1. Which condition breaks for A:Ser14 when tested against (1) at pLDDT 80 or above; (2) in a helix (DSSP H, G or I)?
2. Just give me the residues in segment B:125-149 being at the interface with chain A (Cβ under 7 Å from one of its Cβ atoms) and part of a strand (DSSP E or B), in sequence order.
3. Mind checking which residues of segment A:138-161 are β-branched (Val, Ile, Thr) and surrounded by fewer than 17 Cβ atoms within 10 Å (Cβ to Cβ)?
4. Give the residue, chosen from A:Asn135, A:Asn113, that is loosely packed, with under 15 Cβ neighbours inside 10 Å and within 13 Å of A:Phe163 (Cα to Cα).
5. With a cut-off of at least 2 residues that are at positive phi, name the strands (runs of 3 or more DSSP E) lying wholly within segment A:78-165.
6. Only residues that are among the β-branched types (Val, Ile, Thr), within 19 Å of the chain's Cα centre (by Cα) and modelled with pLDDT under 90: list them for segment B:28-69, please.
7. With the requirement that a residue be within 11 Å of chain B (Cβ to nearest Cβ) and touching a Phe, Trp or Tyr at 6+ places or on another chain (Cβ under 6 Å), what does segment A:53-74 give you?
8. Residue under question is A:Gly23, and the condition is that it be loosely packed, with under 14 Cβ neighbours inside 10 Å and either within 9 Å of chain B (Cβ to nearest Cβ) or at pLDDT 95 or above (or both); does it hold?
Amino acid sequence: MRLVFSITIIILFSFNIIAREIGETEITTEDGIEVFQDEKYYLLKKNVKILSDNFTLNAKDVKINFDKSLYDITELNAKGQVNFVSPKFGLNSKSETLKFVVISEKLRVDGKNSELITKDIEMYSDGFIEVNNLNGDFKLEGLNSKLINESIFIKAEKIEGIFSNIENQKEITFLNVIDKKISYVKNNNTEMYAKKINFDNTTSIIELIDNVVIIRNGEKIIGDYGTLDTKNNSYKIKSNNDTKVKVVIQNNE
Amino acid sequence: MNFFLHINKKIIFFFGLIIVFSFLIIIFSKQININNIDLNISQKILSNVDIAEPKFAISNDSRKIHITAKEGNFLNKDEILLNKNVKFKSNDFSIETEKVIFDRNKQTAESKTKSLFTSKNTTISSDGFNIYDNGNKIMFYGNSLIVLK
């Protein structure tokens, strides 16, 4: 019985040697690695899997730029069916390409059906999605770009803004939405259409520019310029044509 | 009487032993596979050693890679087959493998045997490698594993 116990210990120890240790990053490839020492980058080829404490990444090919030595990663570029999961940052993404710049903590995913999902916000685009984890800047550009969180739904060709961490939740504090056809924003019970939509959290005002439509409680108001105060949920709409009456509706809810 | 008291202890012991040995066989067979890798080019049987403990270097403006081995055999005017305990060492890294073909003229070295690259906080194990462009570029072949610390 003692022999069985000893052998079991040896086996467990052998498996422990093979397994990745805490703090280590393990990268596997099916078709090798090419290291360019003077240019300071290496290419990981075919079915690349990167496993670290903070994230896992799967892609067809990956290029890694380094500074002093191979471990000193400055930038990572992944290509082909990229799948990135980071439980530490509550981040999940799928895309055709992914670029991560370590020093600026800037993450960009490109390609059709790109998605980047955090615990508070979902972002989708057929163009690209870019998020800067340090300063909270984000940008989505391309067809079918969408940003969704608990209280807001945005669809436009170009969405950019700033996230801030408020009470451990990512909230949008600044927003610029542009679409040469029409942008769409749904906030609580109000639907808004305009070519350009801006939001500034310091003033709590959503500004709507060109081809403005606001729909609320079955009411539809059309104009050329509008503002919606998110604090008291009231809005104003103006028209470029001075003969038209400006509409101001106060919500009594 | 409890059902479990009917089970023969010897059967449990031998059953456990079989499972344990199965695991050991799997682990050791993988290890044996790793050690039994053939270099295609080296299939020519070399009866005598041309150079004992050969030493070479690949160098460019920015780095020098020293190459050592236990045995060396000339394949032609430029190519030398380095055998047994072949080591590449520079200021930045080292590579260990069993068989390498070193080209003195082109300043290249190619191996198709299991190789282990080591540099600061980094190890790369691969199915061989090719050092070219005067040591600036290294290509690791096949299924490769990088561990970064």
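1. Status for A:Ser14: all satisfied but (1).
2. B:Ser126, B:Lys137, B:Ile138, B:Met139, B:Phe140, B:Ser144, B:Leu145, B:Ile146, B:Val147, B:Leu148
3. A:Ile148, the sole residue that qualifies.
4. The match here is A:Asn135.
5. Those strands (runs of 3 or more DSSP E) span A:137-149.
6. The answer is B:Ile32, B:Ile34, B:Ile37, B:Ile41.
7. Matches in segment A:53-74: A:Ile64, A:Asp72, A:Ile73.
8. yes
The values are calculated or read from the model by the stated rules, or taken from the named source; none is laboratory data. Quantities reported herein were computed from a predicted structural model and do not represent experimental measurements. Cβ: placed from backbone, ideal geometry, glycine included. Neighbour counts: every protein chain shown.
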